[in-house]
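K.L.:
What follows is a structure written as structure tokens; I'll ask about it next.
The values are calculated or read from the model by the stated rules, or taken from the named source; none is laboratory data. This structure is a prediction, so every number in the text was calculated from the model and none was measured. Here the Cβ is made from the backbone with ideal geometry for all residues, glycine too, and neighbour counts use every protein chain on show. Just the protein is used for accessible areas: all its heavy atoms, side chains included, with ligands, DNA and RNA removed. Shrake-Rupley method; radii C 1.70, N 1.55, O 1.52, S 1.80 Å.
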Amino acid sequence: MDNSAPVLSVENLSVCVNNPQQDPILRNVSFQLNPGEIFALVGESGSGKSVTSLAAIRLLPDALKVTQGKVLFDGADLFHSTEREMTAVRGNRVAMIFQEALTSLNPVQKVGVQIEEALLLHTQLNARARREKIIDLLSEVGLPHPETRIDWYPHQLSGGQQQRVMIAIALACEPDILIADEPTTALDVTIQKQVLNLIRTLARTRQLAVLLITHDMGVVRETAQRVGVMLRGEIIEEGNCEQIFRHPQQEYTRRLIASLPNQDNFLPSEQPDHLLTIKGLKVHFPLRKGILQRIHVWTKAVDDIDLHIGRGETLALVGESGCGKTTTGRAILRLDQITSGTISYNNQHIHKLSRRGMLPLRRRIQVIFQDPYSSMNPRMTVQRIIEEGMVSLKMDLSHEQREARVIELLERVKLEPEHRFRYPHEFSGGQRQRIAIARALAVSPELIICDEPTSALDVSTRAEVLSLLQELQNELGVSYLFITHDLSIIPQLAHRVAVMKDGKIVETGATEDVLTKPRQNYTRELLSAVPRCQE
Amino acid sequence: MLAYIIRRLLYAIPILIGVNLITFILFFVVNSPQDIARAHLGEKYVTQDAIDHWVKEKGYDNPLIYNPNAAGFSKFTDTIFFHKSLSLFTFDFGQADDGRDITTDVRTRMGPSLALAIPTFIVGIWVNICVALIIVMFRGTRLDKAAVVLFVTLMSISGLFYIIGGQYLVATLWKLVPISGYQTSLSAWKFLILPVAIGIVSGIGLGARWYRTLFLEAADQDFARTARAKGVSELAVLFRHVLPNALLPILTGVVVVIPTLFMGSLLMEAFFGIPGLGSYMLDAIRAQDFAIVRTMVFVGSVLYIIGLILTDISYTIADPRVRLN
Amino acid sequence: MDMMLKPVILWTDVLIWLLVISITLFLSQLRKNPESREQWHQVFSSRTGMVTFVIILSYIAIALIDSLHFRKALPPVPGQNTTYYSNTVNSVLDIFLGEMGETKERTYSAPFSLKSYAKENMTDESGHIYRDYPDLKYAGSHLSDNSDFSKDLLIQSLKGAGKGLFIGLLLCALLKVFTHRQDLPWSSAMVTILLVCTLLGWLLHVGNLYHVLGTDKAGNDTLYHSIKGIRTGVLIGTLATLIMMPIAITLGICAGYFKGWVDDVVQYLYTTLSSIPGILLIAAAILQFQVFIDLNPDFFEVGLEKADARFLGLCFILGITSWAGLCRLLRAETLKISQLPYVQAAHAFGVSQVGILHRHVLPNVMHIILITFVLDFSGLVLAEAVLSYIGVGVDSTMPSWGNMINLARTEMSREPVVWWNLIGAFAFMFTLVLAANLFSDLVNDAFNPKKRQERGA
């Protein structure tokens, strides 16, 4: 095939909801895919990037329909093909991988069978050749021990391995085009890097045309050659990756790039007095087994860690999923039972306090959770949500005083006073996270445990919430324990960093030291996996 | 696996004791055996002698749980609780009020019950799944909508109407099969075919509607989309990916019922004169024969617990994600 | 001076009125939250929702006016000071139904028939004995000549329907005045109201002159019994759930929230109860309860109170048997909710356990309770019929569809068939159950988060 001619071109694609009153979801989207090249469609949630990819291979859900446009593939318009012709294209010439590998694989079929299905449909190979081919594919995508893993079920594999299996399914029939819909969003950074590398290599060696859909400018920068920026159903800017990052034409694109945290300026680390000190903290969960359900083994979620947080300081606790960072936060809040170790706050031991004894400290230590959608009771108004802590912690305020304080707090987090009469579902993710901050601030705490408060947010709102947190710190002198998996936001945010792995702290120190001169291999690995925008 | 089954069996013991306790309270504490005797023998014009005789004859003349007159250990064994309730654990069911041996009755009546229940059950599930699959193939169309309305209508009709209407139409009006009765030989089929058919038809509304929701849920899952992206045709997606996944929740509802098939169907057997356990229970209820009712409560509970264990086991076989523990 | 009427307060009357009041309060509470207002709006924005709701409401209205019982004072005997009251208990509904309940024929008669269904020996004017179908005592007794029948029926039908239509129009006008939201299909509601009112007006008017649905073996009017059966059906569908709810909610939520031994105990309880075959448990309990009632006749003043006690017992035991399902659902949901960040946040704010259960858990499982309530309703109405057929349902003196079917079960094999008793009971039951099923589907669609997600996708 000629390298310069596009394999697939989408022209003037428009999609709308079956209900005609609503605005169209896609408006005149056009782009081309070239062999051996990765084209990234980037945009925030709801911008229509996934719909574009599904519409291109005619897999739109029933509620949506294409109103105009063409998808030219092999000189033919796919919108004029019969369903039977489409099944010959899908999987065979155009393959697709999705965000959630676990749910995208059939849970009751072995992975080998799921790859074989594609081969059965589109090739003439016999049973033995098929099995060999599957093993080849699995080793090509980097799955260890493919001869045995071929007979495993999806749930027995790790998240990264599942995504590799998805890629193997997609590659099985040697397609011309690979559509990857947020393939790494659900993965840890180190795995993300491996999967992206794999896609890059495959594009080069197999002359694949890749349509990469993502919300992450960092991923785009690392992976794609060309990029299209989507906003509200339109591609507002398209071009060479270098060019777009250097000279973005649109305001929105500039904002997207600017919202990527600056990773070269570090907050200086000071040595203030310790507010919270953790010594030898262990949190173990029992696993029971057998006829009498005796405790069989202990899961060591947090295994002997030492930490301290100073007054007005931010300590970032970083690590990949399952490393025990969230459990650490919950242990400090006394939401999980502590197995051993000491936690002291202002030189007072708090790990042995009763529920009642803990009450005075609940005013000092507060929390902000990751998921802005489930962290507020949907049946309560914002006013009641924010004042709940003031009431239960007996701050002795009259109704009017509480109301005045709620208004003050809402203004503090840049919301309107009228918002106090509304219910949580009437707000966007970023706004809810502001309400959660206001709720934590309501009892004037000295330490706030922020458990991945921005990871569910779009990049632009993420930056706003982070700067709000910093502003509050400068103003109120509050300390943060900032739990996150995202190293890119740390330089601007944290004074000190602690890196956690398998329940243990592997490295801790001033942010600049840890990020620029890491001492441990694991830290280095984490750092190298972070997609970077600046060279 | 074995440890799990043993644990479940051990767990069944307190449940059965609980069941026994409930029935004991229900049958002997709410009304004393004297009261029951009076109710049985006609309320007002009954002498104390006749009551005493009835109570003695049925073996209800011991104290309920503690016998202060007996010696030693029989303070506890010479009681109604010991004789009438705990003896059920040894599958010693005693005698019915008319003097017949309950164990023999249960054994002989199990056959006709199963002859009716098993075909209804198997064909019923099969029909429901097929109907639901066909409807799911046409999902989003008018046919689908019409079918859902039809299902709701079918399930809003009383089960009694199906039986009475079906019996009138097929047996009385068209005279295709006998109205009721039973034979123990192979020719029993002509007595069974109508109740089986009615049993299936009356279950379609509820069954097919439930299965349809399960299939639709599975068809909207990510793995179905993956299959479509592989180039699998819609029909093959339905059979190879949707069906096996939707069968898992169906299993929970279905397997637990299997052991209780032994209990038969009260209504069907009564209307069609089939001498199974269902009509046995109905007769006992109408004759207020508490010995039989008590036995059947116990048997039913045992079967239900077996059903629960079977469900768990079948789950581990069907779903690779589930490991017992 | 004594009163003309002596109110009779049955336990079930009290409960059903309490239930109506609490449901009204509950709904007005729900309306405050915009999310649940949105959900109710979704239920009523469909025509089916409106139509079925009006139908269910008319059934409930009939059941409610049938739940105001009284005894009439007997005509005073001269020289007697105290007033005696009739032993038959009437309800407000009986006033509306007029004489329908008292027009007792000798035996079967077909719908709208003027003649009995069975031949009898009769004497003609000349004293000869002959066998023929005798005229009915009440049906068409206002006619001077039986040949006027069709003309009279037409005129009376128009009269009755006209009355009903008039009342229907009044109701619609009221509805128009009190409704503000324009985006709901009020027209469907009004059409249904008009239809129901016209039908009721016609039935009441014509039903007092003829036996619209014939008579049963004992000569009772079938239509009257079918209408009186409404109270039993509606009450069993609601009270059985109501009685079990406090236990199911308390135990389910506590098991899911406190876990540990509380959970073990609750799980043991519901596994034990659900392992007993439901129908046997009901049968045994009802039979025992009946023995108790029979042996203690002094507790009850009139026969209806005995029947009412048994009815309450039936609701209770039905509640017990269906209790496990709701309990299990609530336990699972509470387990999920207590892990959610907003409950964790409440812990972090030091909110008390009771406060968390009351403010955070209970309001967020309400949709399950609501869905169970509407879903169970139709099943319970159907169950009543089956139980009465088996002989462990409501008391045989209580008017109910199950008792009607039970009495009529051999009629289909008569030659020629007597179909109207069965059809009457089945038709009234089917309408209620169908409406309830369609309505509960809509409620489920609107309130079940799982379904809402599907729609959103």
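K.L.:
Take the residues of the stretch B:32-46 that are of a type in the set (D, E, K, R) and at pLDDT below 75: which is farthest from the chain's Cα centre (by Cα)? Explain how you work it out, then say what you get.
P.N.:
The first filter runs over the stretch B:32-46 and keeps only residues of a type in the set (D, E, K, R), leaving B:35, B:38, B:43-44.
Narrowing further to those that are at pLDDT below 75: B:43-44.
Numbers: B:GLU43: 34, B:LYS44: 38 Å.
Out of the qualifying residues, it is B:LYS44.
K.L.:
Of all residues in the stretch B:62-75, how many are surrounded by fewer than 14 Cβ atoms within 10 Å (Cβ to Cβ) and under 26 Å from B:MET296 (Cα atoms)? First the steps, then the outcome.
P.N.:
As a first pass, look at the stretch B:62-75 and keep what is surrounded by fewer than 14 Cβ atoms within 10 Å (Cβ to Cβ): B:66, B:68-69, B:71-74.
Pick out the ones that are also under 26 Å from B:MET296 (Cα atoms) and you get B:66.
Looking only at that region, the number is 1.
K.L.:
While we're here: May I ask you to verify whether B:ALA246 is modelled with pLDDT of 85 or more, part of a helix (DSSP H, G or I) and open to solvent by 10 Å² or more (accessible area, probe 1.4 Å)?
P.N.:
Values: modelled with pLDDT of 85 or more: yes; part of a helix (DSSP H, G or I): yes; open to solvent by 10 Å² or more (accessible area, probe 1.4 Å): no.
Answer is no for this residue.
K.L.:
Please indicate, with yes or no, whether at least one residue in the stretch A:363-381 is more than 14 Å from chain C (Cβ to nearest Cβ), in contact (Cβ under 8 Å) with a residue 24 or more places away in the chain and crowded, with 23+ Cβ neighbours inside 10 Å. Walk me through how you get there before you give the answer.
P.N.:
As a first pass, look at the stretch A:363-381 and keep what is more than 14 Å from chain C (Cβ to nearest Cβ): none.
The answer is no; no qualifying residue exists.
K.L.:
Here is a check on your reading of the model: is B:PHE239 among the hydrophobic types (A, V, I, L, M, F, W, C), more than 21 Å from B:SER202 (Cα to Cα) and crowded, with 18+ Cβ neighbours inside 10 Å? Walk me through how you get there before you give the answer.
P.N.:
Details: among the hydrophobic types (A, V, I, L, M, F, W, C): yes; more than 21 Å from B:SER202 (Cα to Cα): yes; crowded, with 18+ Cβ neighbours inside 10 Å: no.
No, not satisfied.
K.L.:
Related question: Taking B:GLY18, is it assigned to a helix (DSSP H, G or I) and not assigned by TED's automatic domain parsing to the domain that holds B:MET281? Before the answer, list the steps.
P.N.:
Working: assigned to a helix (DSSP H, G or I): yes; not assigned by TED's automatic domain parsing to the domain that holds B:MET281: yes.
Yes.
K.L.:
Name the single residue, out of those in the stretch C:416-435 being more than 8 Å from every other protein chain (Cβ to nearest Cβ) and buried (at least 20 other Cβ atoms within 10 Å of the Cβ), that is nearest to the chain's Cα centre (by Cα). Reasoning before the result, please.
P.N.:
Taking the stretch C:416-435 and keeping what is more than 8 Å from every other protein chain (Cβ to nearest Cβ), we get C:416, C:418-421, C:423-425, C:427-428, C:431-432, C:435.
Checking which are buried (at least 20 other Cβ atoms within 10 Å of the Cβ) leaves us with C:418, C:420-421, C:424-425, C:428, C:432, C:435.
Working: C:VAL418: 26, C:TRP420: 21, C:ASN421: 19, C:GLY424: 15, C:ALA425: 13, C:PHE428: 10, C:LEU432: 8, C:ALA435: 12 Å.
So the residue we want is C:LEU432.
K.L.:
Before we move on, is B:LEU88 under 23 Å from the mean Cα position of the chain (by Cα), buried (at least 18 other Cβ atoms within 10 Å of the Cβ) and more than 14 Å from every other protein chain (Cβ to nearest Cβ)? Step through it out loud before you land on a result.
P.N.:
Numbers: under 23 Å from the mean Cα position of the chain (by Cα): yes; buried (at least 18 other Cβ atoms within 10 Å of the Cβ): yes; more than 14 Å from every other protein chain (Cβ to nearest Cβ): no.
Taking the combined requirement at face value, the residue does not satisfy it.
K.L.:
With respect to A:ALA168, determine if the residue is out of contact with any Ser or Thr (no Cβ under 9 Å at 6 or more places or on another chain), assigned by TED's automatic domain parsing to the domain that holds A:LEU72 and either open to solvent by less than 10 Å² (accessible area, probe 1.4 Å) or aliphatic (A, V, I, L, M) (or both). Before you say what the answer is, go through the steps one by one.
P.N.:
On the way: out of contact with any Ser or Thr (no Cβ under 9 Å at 6 or more places or on another chain): yes; assigned by TED's automatic domain parsing to the domain that holds A:LEU72: no; either open to solvent by less than 10 Å² (accessible area, probe 1.4 Å) or aliphatic (A, V, I, L, M) (or both): yes.
So A:ALA168 does not fit the description; no.
K.L.:
Okay, moving on. Looking only at the stretch A:310-335, which residues are within 12 Å of chain C (Cβ to nearest Cβ) and within 25 Å of the chain's Cα centre (by Cα)?
P.N.:
Those that are within 12 Å of chain C (Cβ to nearest Cβ) and within 25 Å of the chain's Cα centre (by Cα): A:THR326, A:GLY329, A:ARG330, A:ILE332, A:LEU333, A:LEU335.
K.L.:
I'd like to check something: does the stretch B:272-280 contain any residue that is within 10 Å of chain C (Cβ to nearest Cβ) and not acidic (Asp, Glu)? Even if it seems obvious, please write down each step before you answer.
P.N.:
The initial filter retains those residues of the stretch B:272-280 that are within 10 Å of chain C (Cβ to nearest Cβ), namely B:278.
Next, from what is left, pick out any that are not acidic (Asp, Glu): B:278.
Looking through the stretch B:272-280, at least one residue is within 10 Å of chain C (Cβ to nearest Cβ) and not acidic (Asp, Glu).
K.L.:
Among the residues of the stretch B:301-323, which ones are within 12 Å of chain A (Cβ to nearest Cβ) and touching a residue at least 12 places away in the same chain (Cβ under 8 Å)? Quick ask: steps written out before the conclusion?
P.N.:
At the first step, the residues of the stretch B:301-323 found to be within 12 Å of chain A (Cβ to nearest Cβ) are B:315, B:317-323.
Across the stretch B:301-323, the qualifying residues are B:TYR315, B:ALA318, B:ASP319.
K.L.:
Could you tell me which of the residues C:PHE300, C:PHE292 is open to solvent by 40 Å² or more (accessible area, probe 1.4 Å) and at the interface with chain B (Cβ under 10 Å from one of its Cβ atoms)?
P.N.:
On the way: C:PHE300 fails: at the interface with chain B (Cβ under 10 Å from one of its Cβ atoms).
Only one candidate passes the filter, namely C:PHE292.
K.L.:
Hey, could you check the stretch A:61-94 for residues that are aliphatic (A, V, I, L, M) and not in a strand (DSSP E or B) and say which is surrounded by the fewest Cβ atoms within 10 Å (Cβ to Cβ)? Step through it out loud before you land on a result.
P.N.:
Step one: filter the stretch A:61-94 for residues aliphatic (A, V, I, L, M), giving A:63-64, A:66, A:71-72, A:76, A:78, A:86, A:88-89, A:94.
Next, only the ones that are not in a strand (DSSP E or B) stay: A:63, A:78, A:86, A:88-89.
Details: A:ALA63: 12, A:LEU78: 21, A:MET86: 18, A:ALA88: 14, A:VAL89: 21.
Top of the filtered list is A:ALA63.
The rows are residues; the columns are (1) farther than 30 Å from A:VAL318 by Cα; (2) within 14 Å of chain B (Cβ to nearest Cβ); (3) within 21 Å of the chain's Cα centre (by Cα); (4) not in a strand (DSSP E or B).
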residue: A:GLY160; (1), (2), (3), (4): no, no, yes, yes
residue: A:MET166; (1), (2), (3), (4): no, yes, yes, yes
residue: A:GLU174; (1), (2), (3), (4): yes, yes, no, yes
residue: A:PRO183; (1), (2), (3), (4): no, yes, yes, yes
residue: A:ALA186; (1), (2), (3), (4): no, yes, yes, yes
residue: A:THR205; (1), (2), (3), (4): yes, no, no, yes
residue: A:VAL227; (1), (2), (3), (4): yes, no, yes, no
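K.L.:
Open to solvent by 50 Å² or more (accessible area, probe 1.4 Å), assigned to a helix (DSSP H, G or I) and farther than 19 Å from C:ASP94 by Cβ, is that true of C:LEU175? Break it down into steps so the answer makes sense when it comes.
P.N.:
Details: open to solvent by 50 Å² or more (accessible area, probe 1.4 Å): no; assigned to a helix (DSSP H, G or I): yes; farther than 19 Å from C:ASP94 by Cβ: yes.
For C:LEU175, the condition - open to solvent by 50 Å² or more (accessible area, probe 1.4 Å), assigned to a helix (DSSP H, G or I) and farther than 19 Å from C:ASP94 by Cβ - is not met.
K.L.:
Still on this model: Mind checking which residues of the stretch B:280-319 are out of contact with any helix residue (DSSP H, G or I) (no Cβ under 7 Å at 6 or more places or on another chain) and outside any helix (DSSP H, G or I)?
P.N.:
B:ALA287, B:ASP289, listed by residue number.
K.L.:
Of all helices (runs of 4 or more DSSP H) completely enclosed by the stretch C:1-80, which ones contain at least 2 residues that are at pLDDT below 85?
P.N.:
Working: elements: C:11-32, C:34-44, C:47-65.
It comes to C:11-32, C:34-44.
K.L.:
Another question, if that's okay. Kindly indicate whether any position in the stretch C:239-251 is open to solvent by 20 Å² or more (accessible area, probe 1.4 Å), closer than 26 Å to C:THR52 by Cα and not in a helix (DSSP H, G or I).
P.N.:
Quick first cut of the stretch C:239-251, residues open to solvent by 20 Å² or more (accessible area, probe 1.4 Å) only: C:242-243, C:245-247, C:249-251.
Pick out the ones that are also closer than 26 Å to C:THR52 by Cα and you get C:242-243, C:245.
After this cut, where a residue has to be not in a helix (DSSP H, G or I) as well, the list is none.
For the stretch C:239-251, residues open to solvent by 20 Å² or more (accessible area, probe 1.4 Å), closer than 26 Å to C:THR52 by Cα and not in a helix (DSSP H, G or I): absent.
K.L.:
Quick check on the stretch A:33-60: of everything there that is within 14 Å of chain B (Cβ to nearest Cβ) and not aliphatic (A, V, I, L, M), which residue is least open to solvent (accessible area, probe 1.4 Å)?
P.N.:
Within the stretch A:33-60, the first condition is being within 14 Å of chain B (Cβ to nearest Cβ), and the residues that meet it are A:50-51, A:53-60.
Next, only the ones that are not aliphatic (A, V, I, L, M) stay: A:50, A:53, A:58.
On the way: A:SER50: 40, A:SER53: 0, A:ARG58: 71 Å².
Among residues in the stretch A:33-60 that are within 14 Å of chain B (Cβ to nearest Cβ) and not aliphatic (A, V, I, L, M), the one least open to solvent (accessible area, probe 1.4 Å) is A:SER53.
K.L.:
Would you please list the contacts, defined by Cβ atoms under 8 Å and residues six or more apart or on different chains, that run from a residue in the stretch A:400-429 that is under 17 Å from A:TYR373 (Cα atoms) to a residue that is small (Gly, Ala, Ser) and at pLDDT below 90?
P.N.:
From residues that are under 17 Å from A:TYR373 (Cα atoms), the pairs are A:GLY429/A:ALA456.
K.L.:
I need a count of the residues in the stretch A:96-120 that are buried (at least 24 other Cβ atoms within 10 Å of the Cβ), in contact with a Gly (Cβ under 9 Å, 6 or more places away or on another chain) and touching a residue at least 60 places away in the same chain (Cβ under 8 Å).
P.N.:
Of the residues in the stretch A:96-120, 1 are buried (at least 24 other Cβ atoms within 10 Å of the Cβ), in contact with a Gly (Cβ under 9 Å, 6 or more places away or on another chain) and touching a residue at least 60 places away in the same chain (Cβ under 8 Å).
K.L.:
For the stretch C:106-128, how many residues meet the condition of being hydroxyl-bearing (Ser, Thr, Tyr) and surrounded by fewer than 17 Cβ atoms within 10 Å (Cβ to Cβ)? Step through it out loud before you land on a result.
P.N.:
Going residue by residue through the stretch C:106-128, those that are hydroxyl-bearing (Ser, Thr, Tyr) are C:107-109, C:113, C:116-117, C:123, C:126.
Narrowing further to those that are surrounded by fewer than 17 Cβ atoms within 10 Å (Cβ to Cβ): C:107, C:123, C:126.
Matching residues across the stretch C:106-128 total 3.
K.L.:
Could you list, in sequence order, all residues of the stretch C:388-407 that are under 17 Å from C:ASN220 (Cα atoms) and surrounded by fewer than 23 Cβ atoms within 10 Å (Cβ to Cβ)?
P.N.:
Residues of the stretch C:388-407 that are under 17 Å from C:ASN220 (Cα atoms), as a first pass: C:396-407.
Across the stretch C:388-407, the qualifying residues are C:SER396, C:THR397, C:MET398, C:PRO399, C:ASN406, C:LEU407.
K.L.:
Next up: Looking only at the stretch C:192-229, filter to residues that are farther than 20 Å from C:SER157 by Cβ and part of a helix (DSSP H, G or I); which one of those is farthest from the chain's Cα centre (by Cα)?
P.N.:
Here is the first cut: in the stretch C:192-229, the ones farther than 20 Å from C:SER157 by Cβ are C:192, C:216-220, C:225, C:228-229.
Then drop every residue that is not part of a helix (DSSP H, G or I), which leaves C:192, C:225, C:228-229.
Numbers: C:THR192: 19, C:HIS225: 13, C:LYS228: 9, C:GLY229: 7 Å.
The qualifying residue farthest from the chain's Cα centre (by Cα) is C:THR192.
K.L.:
Among the residues that make up the stretch A:400-412, is at least one of them within 14 Å of chain C (Cβ to nearest Cβ), out of contact with any Phe, Trp or Tyr (no Cβ under 6 Å at 6 or more places or on another chain), closer than 21 Å to A:SER444 by Cα and crowded, with 21+ Cβ neighbours inside 10 Å?
P.N.:
Looking for residues that are within 14 Å of chain C (Cβ to nearest Cβ), out of contact with any Phe, Trp or Tyr (no Cβ under 6 Å at 6 or more places or on another chain), closer than 21 Å to A:SER444 by Cα and crowded, with 21+ Cβ neighbours inside 10 Å, one finds none in the stretch A:400-412, hence no.
K.L.:
Among (1) open to solvent by 50 Å² or more (accessible area, probe 1.4 Å); (2) under 26 Å from B:ARG209 (Cα atoms); (3) assigned to a helix (DSSP H, G or I), there is one condition B:ASP144 misses while meeting the rest; what is its number?
P.N.:
All conditions pass for B:ASP144, except number (1).
K.L.:
Checking B:PHE93 against (1) more than 14 Å from chain C (Cβ to nearest Cβ); (2) aromatic (Phe, Trp, Tyr); (3) surrounded by 15 or more Cβ atoms within 10 Å (Cβ to Cβ); (4) assigned to a helix (DSSP H, G or I), only one condition comes out false. Which one?
P.N.:
Of the numbered conditions (1) more than 14 Å from chain C (Cβ to nearest Cβ); (2) aromatic (Phe, Trp, Tyr); (3) surrounded by 15 or more Cβ atoms within 10 Å (Cβ to Cβ); (4) assigned to a helix (DSSP H, G or I), the odd one out for B:PHE93 is (4).
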